[in-house]
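Engineer: Before we start, here is the structure in question, set down as structure tokens.
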Amino acid sequence: MIGWTSPVSPPATPADGVPCVDASQAGERGASAGAVRAGPFGEALRRQRGGVAKFWVAQARHRGAADALIKVDHVDSGTVAYYVRDAAATATTLGDDGRPTEDKIYPGSVLLPADGRIRITITIGPASGCFALTL
């Protein structure tokens, strides 16, 4: 779903922007940028050629309830889409042994362009991170 689902304002961007990490080499388990993690960025996402893609986000260390704001910027066209993940919608992940871990993720989907360069900027509470990749 594109649009605002709760009363959240876009975060202030520092004067020098949010530094991005190159997610092109990240695997299916995701990548970290600052205090934010997201994924998957693996081969399946890059081969998908646009459309709805499963995409989870998380804080590096879960610090309590906060909505997650996701900005997907298609660099080549200048198109921007915002997604909000409600703090109440977090899910607990399971470890390899099937037991719940302390890790909390915000599951969901984003809409991706068919190709080109994208920047995904995520803000959860005071934590921000940016991921760049080419589709």
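Engineer: Among the residues of segment 107-120, are any on the phi > 0 side of the Ramachandran plot and modelled with pLDDT of 85 or more?
Structural biologist: Yes, segment 107-120 contains a residue that is on the phi > 0 side of the Ramachandran plot and modelled with pLDDT of 85 or more.
Engineer: Could you please give the count of residues in segment 55-83 that are within 14 Å of Ser128 (Cα to Cα) and out of contact with any helix residue (DSSP H, G or I) (no Cβ under 9 Å at 6 or more places or on another chain)?
Structural biologist: Qualifying residue count for the region: 11.
Engineer: Condition (residue is part of a loop (DSSP other than H, G, I, E, B), without any contact (Cβ under 8 Å) to a residue 12 or more places away in the chain and of a type outside the set (A, V, I, L, M, F, W, C)) applied to segment 71-78: is it met by at least one residue?
Structural biologist: There is at least one residue in segment 71-78 that is part of a loop (DSSP other than H, G, I, E, B), without any contact (Cβ under 8 Å) to a residue 12 or more places away in the chain and of a type outside the set (A, V, I, L, M, F, W, C).
Conditions (1) at pLDDT 85 or above; (2) of a type in the set (Val, Ile, Thr), marked per residue:
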{"site": "Ala15", "(1), (2)": "no, no"}
{"site": "Pro19", "(1), (2)": "no, no"}
{"site": "Arg29", "(1), (2)": "no, no"}
{"site": "Val57", "(1), (2)": "yes, yes"}
{"site": "Ala66", "(1), (2)": "no, no"}
{"site": "Leu69", "(1), (2)": "yes, no"}
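The values are calculated or read from the model by the stated rules, or taken from the named source; none is laboratory data. Model, not experiment: these values are computed from the prediction. Ideal geometry is used to build each Cβ from the backbone, glycine not excepted, and the neighbour counts take in all protein chains shown.
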